[in-house]
Amino acid sequence: MAPVAQRLFRIKPADMIVAEGGHGEGGELRRTMTLWQLTLFSVGATLGTGIFVILGQAVPKAGPAVVASFVLAAITALFSALSYAELAGTIPVSGSSYSYAYATLGELVAWVCGWCLMLEYAVSVAAVAVGWGEYLNRFFHDLLGWRLPASVTHSPGDQGGVFNLTAILIVLLATWLLMRGTSESATANVIFVMLKIAVLAFFCSVAFTAFNTGNLTPFAPLGVAGVTAAASQVFFSYIGFDAASTAGDEARNPKRDLPLAIVFSLVIVTVVYVAVALAAVGAMPWQQFNPGTTEAGLALIANQATGSTWAGVIISFGAVVAIASVVLTVMYGQTRILFAMSRDGLIPKIFQRVDPRRQVPVANTLIVALFISVLAGFIPLGQLAEATSIGTLFAFAIVNIGVLVLRRTRPDLPRSFRTPFFPVTPVLGVVLCVIVMLGLAGITWLAFTIWMLAGLLAYFLYGYRNSRLNRSVR
């Protein structure tokens, strides 16, 4: 019997993780995703409500320098993105940071990382699905002048809600696409992403017709402190660039394409964010941005620039499409991480069963859809959704540490991408993640702590006993 501590922190060799990749009970996942589809998967998961909502909250903190805040946040995200790129090319499987932690820091840390990802993916997609109903209502109001009743667009106890039917509907739509197959889901996501990029390009073209250089002076009225405060806020608009790393078992050429997809997606999203931010603050004085009406921020600017409401209707449509894309890609990532955890024996086998005809984990997808539907349809999420940020940052920090560890313990592993300026880049990645985490609210830390305690209980009651890796050393 191996000592308990040794079993808790025993690593699963990277070679073994890669060899098992894609295999589940009943069949294998199918390698169909191209570099283009992988890149847009990450863009789809990242480019969502953030730019439609968070811009209006950040501008009052930084003024026109919010443009610099988006660049600063992108640089912060880049350190972790480069670490993700190295590990995705070295361990190209569906487990993302969970699998990377298993290969570098041991089973208990991998479990904690996977548990964090469950929080990040499930709660965030439920919160996004709830927001989808609100944007759908805004679109109907702007286009047709009517709204859906509150009873089916809000959860019980929230503004007269009975159950949030619209949130459940978007989850069911994403589930239907995921059940059809990975290739079909990827194709749908490409369409969604191209539509929302087109809508944001439309916004820029409209806003630049009303561009006034005088609105950019003074550029940083609230100083460096304002720029950094806004950067901390807009950093969360970049969460999702790692989505491609959850598709490692279904990429055609994962060792080459996963690192490129992660970096390319971050570049694409940054260019879009900076262009939209510049167009927005150039078209409307920064003092007029109202954090209380952020959902209509871009639509309001577009309407003012055109002198009519038709432009705002297009922007509202873009928000509806953007959220649909996020729900699809994040649900996909959730199912593939659970697939990897099940393959390792840490959660029940049902999550790794692959339908031999569709070559997707059908039962896994249905369970995830049911859980998210209950959350989105019946439970007011409130500040619990904010806890997804801390779970994401924890996973980012683990990936940066994993790069440092794997370079030292397995320098012989073939790496299709190497993090530049090693070890400075991953070290800075860890430091920046910790700094942003420390700036989160106390209630967020409380929710995170409760979730972690529940996770440790689940691990010792089930995962520890059923771990495939630890059963081999008993």
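The values are calculated or read from the model by the stated rules, or taken from the named source; none is laboratory data. Model, not experiment: these values are computed from the prediction. Every residue, glycine among them, receives a Cβ derived from its backbone with ideal geometry; neighbour counts consider all protein chains shown.
The residues of region 112-159 that are farther than 30 Å from residue 394 by Cα and either touching an Asp or Glu at 6+ places or on another chain (Cβ under 6 Å) or of a type in the set (S, T, N, Q) (or both), listed by number, are 137, 151, 153, 159. Taking region 299-319 as the range and being of a type in the set (A, V, I, L, M, F, W, C), surrounded by 24 or more Cβ atoms within 10 Å (Cβ to Cβ) and touching a Leu at 6+ places or on another chain (Cβ under 7 Å) as the test, only 315 passes.
Pick out the one residue from 340, 305 that is within 24 Å of the chain's Cα centre (by Cα) and hydrophobic (A, V, I, L, M, F, W, C). Full working, then the answer.
Values: 305 fails: within 24 Å of the chain's Cα centre (by Cα).
Exactly one of 340, 305 is within 24 Å of the chain's Cα centre (by Cα) and hydrophobic (A, V, I, L, M, F, W, C), namely 340.
Just one of the listed residues (183, 151, 124) is touching a strand residue (DSSP E or B) at 6+ places or on another chain (Cβ under 9 Å), of a type in the set (Ser, Thr, Tyr) and in contact (Cβ under 8 Å) with a residue 40 or more places away in the chain, namely 183. Across region 1-56, the qualifying residues are those that are surrounded by fewer than 18 Cβ atoms within 10 Å (Cβ to Cβ) and touching a Pro at 6+ places or on another chain (Cβ under 7 Å), and the one among them that is modelled with the lowest pLDDT is 26. Scanning region 147-182 for residues that are more than 20 Å from the chain's Cα centre (by Cα) and in a helix (DSSP H, G or I) gives 150, 151, 152, 165, 166, 169, 176, 179, 180.
Quick test for you: out of 97, 83, pick the one residue that is closer than 13 Å to residue 394 by Cα, of a type outside the set (D, E, K, R) and touching a helix residue (DSSP H, G or I) at 6+ places or on another chain (Cβ under 9 Å). Before you say what the answer is, go through the steps one by one.
Details: 83 fails: closer than 13 Å to residue 394 by Cα.
Every option except 97 fails the conditions.
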